[in-house]
Amino acid sequence: MSDLIRISRRRLLASGGKAAVMMAAAGIAPQFIRPGRAYAADALAPGMIGGPTGFEGAERYQYGADTPEGRAIEAAKALKGAGKAPTKIVLGLSDGSIGQLTQPFPAGAPSIKELWEKETGIAIEIVGLPNGQEFTKTMQDISTKGGAYDIYSTEWNRLGDLAETGGIAKLDDFVAQHKPEWDDPVSGYVNGAKGVSLLNKYRGSNYGVSLDGDFQTWVYRTDLFGDEAEKKAFKDKYGYDLAPPKTWKQHGDIAAFFQRPDKGLFGSTDLRNQGWGYTNWYQRYVSMASPTSSC
């Protein structure tokens, strides 16, 4: 799943030039975290104008003037210096994601929040939203014109719903001006322009910035899969050896075989959580045309 941050249209219209600062704040986090060289750095590396220092590999998170990070920070600083920036930006963010912006990583490094505030002089206030209720809280704020947040954070697949409300800002002008380079082959999104279109756009326009992408890892219990009695019982019932599944049919067989709720054992948990289960459902949906294909 990918979390997406969007600028509140109500705050955008009310803030005028300050909106550029919100866009910079929204776009800076993904670019701070990028691959690169690794060596000790107690000061900025050659050609860099900002970013963290003081720990091994710090230069991987630093930025130059002609980088998305540099353009974002310098634009925010210019607005701050001209008295056109807000004192603080209010971000509504899932409780479970707050640490990504507030916790230092690695140890001894400043957090993204600390670094932004130090370099721009603009505070970020993070309002925690209960996991699974981010979209509901966002829609409530939009529909009531509450204006509680400058930036919303919800799942990427809600982008179209929010854009249709007219409650979030279209970011095309800011993207054209500040060039975030989301399609960069090294530091950009997976699949380049296609990834940008999928995650950040709706009907051809930019409405959000995807900042948190996840991948899934399937695990299985070796004590069960290696149990000789279980292996024999499974093969007797299904006609093939018990092993980690390679197709959805095998997954279904194994899940049914181990489904023993009276003993506190469940065959599979991939669809049990309503907040996260849909990400697993997507995999099933796209493979419906080939039910025996690999998981």
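The values are calculated or read from the model by the stated rules, or taken from the named source; none is laboratory data. In this text the structure is predicted, and so the values were computed from the model without any measurement. Glycine gets a Cβ as well: all are built from the backbone with ideal geometry, and neighbour counts include every protein chain shown.
Values as computed for the structure displayed
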{"item": "Total residues in the range 47-68, condition part of a helix (DSSP H, G or I) and surrounded by fewer than 19 Cβ atoms within 10 Å (Cβ to Cβ)", "result": "1"}
{"item": "Scope the range 173-206; condition part of a helix (DSSP H, G or I) and of a type in the set (Ser, Thr, Tyr); matching residues", "result": "SER197"}
{"item": "Those residues of the range 69-93 which are within 21 Å of the chain's Cα centre (by Cα) and surrounded by 21 or more Cβ atoms within 10 Å (Cβ to Cβ), in sequence order", "result": "GLU69, ALA72, ILE73, ILE89, LEU91, GLY92, LEU93"}
{"item": "Selection from the range 183-194 of residues that are touching a residue at least 60 places away in the same chain (Cβ under 8 Å) and either under 17 Å from the mean Cα position of the chain (by Cα) or crowded, with 16+ Cβ neighbours inside 10 Å (or both)", "result": "SER187"}
{"item": "Residues (crowded, with 18+ Cβ neighbours inside 10 Å and small (Gly, Ala, Ser)) located in the range 150-175", "result": "SER153, ALA163, GLY167, ALA169"}
{"item": "Residue list for the range 198-256, restricted to those being under 30 Å from TRP156 (Cα atoms), modelled with pLDDT of 95 or more and surrounded by fewer than 11 Cβ atoms within 10 Å (Cβ to Cβ)", "result": "ARG203, GLY204"}
{"item": "Unmet criterion (only one of (1) surrounded by 15 or more Cβ atoms within 10 Å (Cβ to Cβ); (2) modelled with pLDDT under 80) for GLY277", "result": "(1)"}
{"item": "Leading residue by the ranking (farthest from GLU155 (Cα to Cα)) among those in the range 174-197 that are aliphatic (A, V, I, L, M) and at pLDDT 90 or above", "result": "ALA176"}
{"item": "Residue among GLU117, GLU164, GLU125 that alone is modelled with pLDDT of 95 or more and within 30 Å of GLU56 (Cβ to Cβ)", "result": "GLU117"}
